[in-house]
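Since the structure comes first, as structure tokens, the remarks are kept for the end.
The values are calculated or read from the model by the stated rules, or taken from the named source; none is laboratory data. Computed from a predicted structure; not experimentally measured. So basically every Cβ, Gly included, is an ideal-geometry build from the backbone, and we count neighbours across all protein chains shown.
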Amino acid sequence: MTIADFVRIVEVGPRDGLQNEKAIISVSDKIALINQLSGCGFKTVEATSFVSPKWVPQLADAAEVFTGIDKFPGVSYPVLVPNLQGYERARAVGATEVAIFGAASEAFSQKNINASIDESIERFIPVLEQAKTDGVKVRGYVSTVLGCPYQGNVPVSDVVRVSKRLFELGCYEISLGDTIGIGTPKNARAMLVAVAGEIPMASLAVHFHDTRGQALANILACLEEGVRVVDSAVSGTGGCPYAKGASGNVATEDVVYMLEGIGMQTGIQLDKLIDTGRWLSQLLGRETGSKVNRASTT
């Protein structure tokens, strides 16, 4: 591992973090959160989601939030879209990068969006075609890459197939998500290597939930294989509304601390990030999910 390696952290707290929080956060507080995160040095802050408010009421204010945030120079603010309608809503408020999401598990896809994997991908084709016409970047999420709450084991071949399909359709980057936090370094590494056999490693990201305390170990194993993009959420917020028992994302503060400790660069100001995480935890009325943040208060 080269000491000077740079890792781009995709901060997903404002979207993936908040979507599963029980407390409804005001528009002004969401805007303040994103602006604070932009000030920490992130190059990518996932801002919100243009899914149906019926399914994710926490993000019903997507348009207001996106139009209200300060757009820092050099920072991308991708938003999640489920279909062409969501894409058009996002474009109407000026989004220049979107994300789409598929599952490697057939059972999860059916439970989540009432469609097969292939059907879900078909729904994204109009989005990808329109995005190409508009010059909009599209990021692809693949969930349940190491296990599913409904079917259990997910064959690596399915992860590879779905990831490759989204990449071929035009996603510039594929984020591989352990939705229920069931992975360990050995199978996380094997899964990544298998996908990297079909997609360039430079176009892959990892997205680990810390349900069983394995996220940092999994990230390190994947870094050793060459991945250089990591998704995380400030203060370890989030989970998945469709996966019972899936606790929060790995905390960004903990990821940055680990990366700095092994000599890798992130461009993130950890002290500012800790302050932001502490502010968010107070806003949510609960203890931070970041061990680094807890340690900094003692």
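Points worth noting:
- Residues in the stretch 67-103 that are among the aromatic types (Phe, Trp, Tyr) and over 30 Å from CYS148 (Cα atoms): PHE72 alone.
- ILE268, sole failed condition from (1) crowded, with 18+ Cβ neighbours inside 10 Å; (2) modelled with pLDDT of 95 or more; (3) in a loop (DSSP other than H, G, I, E, B); (4) touching a Lys or Arg at 6+ places or on another chain (Cβ under 7 Å): (4)
- Residues that are in contact with a Phe, Trp or Tyr (Cβ under 8 Å, 6 or more places away or on another chain) and either under 22 Å from SER49 (Cα atoms) or free of Cβ contacts under 8 Å to residues at least 60 places away in the same chain (or both) within the stretch 143-157 comprise SER143, THR144, CYS148, TYR150, GLN151, listed in sequence order.
- Looking across the stretch 49-87, the residues that are under 14 Å from ASP16 (Cα atoms), not in a loop (DSSP other than H, G, I, E, B) and not polar (S, T, N, Q) come down to PRO57, LEU59, ALA62, VAL79, LEU80.
- Among the residues of the stretch 279-296, those that are closer than 25 Å to SER26 by Cβ and without any contact (Cβ under 8 Å) to a residue 24 or more places away in the chain comprise GLN282, ARG286, GLU287.
- Any hit, the stretch 213-226, residues being at pLDDT below 95 and among the polar types (S, T, N, Q): no
- Residue among ARG161, ARG189 that is in contact with a helix residue (DSSP H, G or I) (Cβ under 8 Å, 6 or more places away or on another chain) and of a type in the set (D, E, K, R): ARG189
- Every condition in (1) modelled with pLDDT of 95 or more; (2) in contact with a Lys or Arg (Cβ under 9 Å, 6 or more places away or on another chain) is met by LYS164 except one, and the failing one is (2).
- Subset of the stretch 111-124 that is under 19 Å from LEU146 (Cβ atoms) and either out of contact with any helix residue (DSSP H, G or I) (no Cβ under 8 Å at 6 or more places or on another chain) or in a loop (DSSP other than H, G, I, E, B) (or both) - its residue that is modelled with the highest pLDDT: LYS111
- Here the stretch 175-200 is the region considered, the condition is being polar (S, T, N, Q) and closer than 16 Å to ALA103 by Cβ, and the residue that is surrounded by the fewest Cβ atoms within 10 Å (Cβ to Cβ) is SER175.
- Boolean, ALA90 is under 30 Å from MET258 (Cα atoms), in contact with a strand residue (DSSP E or B) (Cβ under 8 Å, 6 or more places away or on another chain) and not hydroxyl-bearing (Ser, Thr, Tyr): no
- The set of residues in the stretch 1-47 that are modelled with pLDDT of 95 or more, loosely packed, with under 15 Cβ neighbours inside 10 Å and assigned to a loop (DSSP other than H, G, I, E, B) contains only SER26.
- Filter result for ALA95 (part of a loop (DSSP other than H, G, I, E, B), of a type in the set (A, V, I, L, M) and more than 18 Å from the chain's Cα centre (by Cα)): no
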